[in-house]
1. When you go through (1) within 14 Å of chain B (Cβ to nearest Cβ); (2) at negative phi one by one for A:Gly128, which number turns out not to apply?
2. Would you check which residues across region B:53-103 are touching a residue at least 60 places away in the same chain (Cβ under 8 Å) and more than 20 Å from B:Arg142 (Cα to Cα) and list them?
3. Can you find even one residue in region B:200-219 that is touching a helix residue (DSSP H, G or I) at 6+ places or on another chain (Cβ under 8 Å) and more than 24 Å from B:Ser249 (Cα to Cα)?
4. Do the conditions hold for B:Glu290, that is, is it touching a Gly at 6+ places or on another chain (Cβ under 7 Å) and open to solvent by 10 Å² or more (accessible area, probe 1.4 Å)?
5. Go through (1) within 14 Å of another protein chain (Cβ to nearest Cβ); (2) within 28 Å of B:Ala231 (Cα to Cα); (3) open to solvent by less than 50 Å² (accessible area, probe 1.4 Å); (4) in contact (Cβ under 8 Å) with a residue 12 or more places away in the chain and name the single condition A:Val139 misses.
6. Considering region A:214-232 alone, what residues qualify as being over 23 Å from A:Gly50 (Cα atoms), within 14 Å of chain B (Cβ to nearest Cβ) and crowded, with 22+ Cβ neighbours inside 10 Å?
7. Taking B:Thr283, is it under 26 Å from A:Asp131 (Cβ atoms), among the hydroxyl-bearing types (Ser, Thr, Tyr) and open to solvent by less than 20 Å² (accessible area, probe 1.4 Å)?
8. Of all residues being open to solvent by 30 Å² or more (accessible area, probe 1.4 Å) and of a type in the set (Gly, Ala, Ser) in region A:163-213, which is nearest to B:Ile245 (Cα to Cα)? Just the residue, please.
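The values are calculated or read from the model by the stated rules, or taken from the named source; none is laboratory data. Small disclaimer: the values here were computed from a predicted structure and weren't measured. Quick reminder, even Gly has a Cβ in these numbers, built from the backbone with ideal geometry, and neighbours come from all protein chains shown. These accessible areas exclude ligands, DNA and RNA; they are computed on the full protein's heavy atoms, side chains included. Shrake-Rupley method; radii C 1.70, N 1.55, O 1.52, S 1.80 Å.
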2 protein chains.
Amino acid sequence: MVDIDVPNGKPARFPTPRPDDPRLARLSLNQRTIQRWSVGEAVEGCLAAGIPSIGLWREQIAEYGLDRSRRTIERSGLRVSSVCRGGFLTGPEADRAQAISENRQAIDEAAALGARCLVMVVGGLPAGSRDLPAARRRVEDRIAELAPYAAENGVQLAVEPMHPLFCADRGVISTLRQAVELAERFPVEQVGVVIDTFHLWWDPDLAELVSRAAERIAAFQVGDWITPFPADALLSRGMMGDGHIDFQSFSSLMQQTGYRGDVEVEIFNAEIWAAEPKSALATVVRRYVEHVLLS
Amino acid sequence: MVDIDVPNGKPARFPTPRPDDPRLARLSLNQRTIQRWSVGEAVEGCLAAGIPSIGLWREQIAEYGLDRSRRTIERSGLRVSSVCRGGFLTGPEADRAQAISENRQAIDEAAALGARCLVMVVGGLPAGSRDLPAARRRVEDRIAELAPYAAENGVQLAVEPMHPLFCADRGVISTLRQAVELAERFPVEQVGVVIDTFHLWWDPDLAELVSRAAERIAAFQVGDWITPFPADALLSRGMMGDGHIDFQSFSSLMQQTGYRGDVEVEIFNAEIWAAEPKSALATVVRRYVEHVLLS
């Protein structure tokens, strides 16, 4: 495999694992990390690199076709660690019915694909509103409306606490404590939480909260926090090892709390998107084994 | 007064308060809001606009001269709501002595100027380190070393919790809870906290923590959170009313907890810096009265 860290064919300090390497047993590729690949190309890329699991995005599923995506996934034998994403539940009452309807459709898609969970990006402040507590209450109300339907269809809603950077415009659930307290109001098969290193690494209560989350953890996503902070906040995630996050400590916490699921690499980064996809994927595999590795 | 919100001389929706308006009794201008003004110009600007208090920056004090700044402030009758800033305490042991020495000098300057407090931006992860808990412990150790010296000189150290956005590179104290728990280990005359709306507005525990902070609150700084997030994260603060923060609720919390100090407008924003200073200051005054007003 080629590798974006290895220019001119020089050997890497740390060799890229081969597809049959048992250390890849829990690695998942979130499809947006290699954004230009279709569902079919991402599945082929995972198979070639020895990655046994994939996180899919609804836009790419729609482009490729839901039924075709389902057949491609089934033939591949890949696990679907998540479907991204449902949510955007904070709108005014007039928007409620449409938000519920869209999220039911997202649940149906996740069910059709056999996904472990549907990631919920809950939404920011509605346009013109500064009432953050009210937006947070609406999230809770609408999760309550969706949760039984999700579980009936075999899909766990995975509430994603987002970095406070995104509180105004993407996600008013800003801490793992909020996400866990919300999830705990429901049966575990209905609502879990996402633990994403990029969103949560700064939290002084992280160890306590990961331990408390325990069997509520529906997905574990990894990406690094890099500085200087990139000009586009949405594309500010880095490859593991390029930034400030202590992934070894994070992985230890996940081991200690008994997490047994996949580790999904989810990075939105303009440089990685510009790189040749197979080469970028080789770097993902290498950096995962070097910095994160859950066994 | 002119006003950057009032083009072509049209009347503002909300008139700019006159210098003798009693609603300005607790307003303070953080000097960096109008970054091109010297200490002398900022003092004149405050007097002309009826602003009775000022937050000073050490770089501008050094340019203007400490003794000259002291005399200018004394003659003006302005209060000094803060000196910005001390801190950067997270470096390795080899850098400890220099950090302590620099902070003692900052304390001396704050004392000479009769400042209410010295704002402490505690510092991010040291270069090459990913050990966030260790960096946080070093902050505590070094605050403990500085705190008695500060109080002996009549200066309160004001620990500033910074938005988690800045955890890696500017401030590892990310929540008001961390800052309050740190401050509570010391006598109140030694260590307090800064409450800055920009850094803290997203915190789901804000009301509880502002109430707990109570007499520990050394400074109250205001600036808005704007979207889309600007390309330079350091210049991402907005004029009150231009963003997503509910200042009325914030001011209510501050009232309820018995805060009696000044309200310092601190905005780092390229557009405000590019505006004509008196016009920008008129907008500060108007927006303070319209959105924040502590009486």
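1. Of the numbered conditions (1) within 14 Å of chain B (Cβ to nearest Cβ); (2) at negative phi, the odd one out for A:Gly128 is (2).
2. Hits for region B:53-103 are B:Ser53, B:Gly55, B:Arg79, B:Ser81, B:Ser82.
3. Applying the first criterion (touching a helix residue (DSSP H, G or I) at 6+ places or on another chain (Cβ under 8 Å)) to region B:200-219 yields B:200-207, B:209-213, B:216-217.
If we keep only those that are more than 24 Å from B:Ser249 (Cα to Cα) as well, we get none.
There is no residue in region B:200-219 that is touching a helix residue (DSSP H, G or I) at 6+ places or on another chain (Cβ under 8 Å) and more than 24 Å from B:Ser249 (Cα to Cα).
4. Values: touching a Gly at 6+ places or on another chain (Cβ under 7 Å): yes; open to solvent by 10 Å² or more (accessible area, probe 1.4 Å): yes.
Answer is yes for this residue.
5. With (1) within 14 Å of another protein chain (Cβ to nearest Cβ); (2) within 28 Å of B:Ala231 (Cα to Cα); (3) open to solvent by less than 50 Å² (accessible area, probe 1.4 Å); (4) in contact (Cβ under 8 Å) with a residue 12 or more places away in the chain applied to A:Val139, the lone miss is (2).
6. We begin by selecting, within region A:214-232, every residue over 23 Å from A:Gly50 (Cα atoms); these are A:214-217, A:225-232.
If we keep only those that are within 14 Å of chain B (Cβ to nearest Cβ) as well, we get A:225-232.
Answer for region A:214-232, where residues must be over 23 Å from A:Gly50 (Cα atoms), within 14 Å of chain B (Cβ to nearest Cβ) and crowded, with 22+ Cβ neighbours inside 10 Å: just A:Trp225.
7. Numbers: under 26 Å from A:Asp131 (Cβ atoms): yes; among the hydroxyl-bearing types (Ser, Thr, Tyr): yes; open to solvent by less than 20 Å² (accessible area, probe 1.4 Å): yes.
Judged against the criteria, B:Thr283 is a match.
8. A:Ala207
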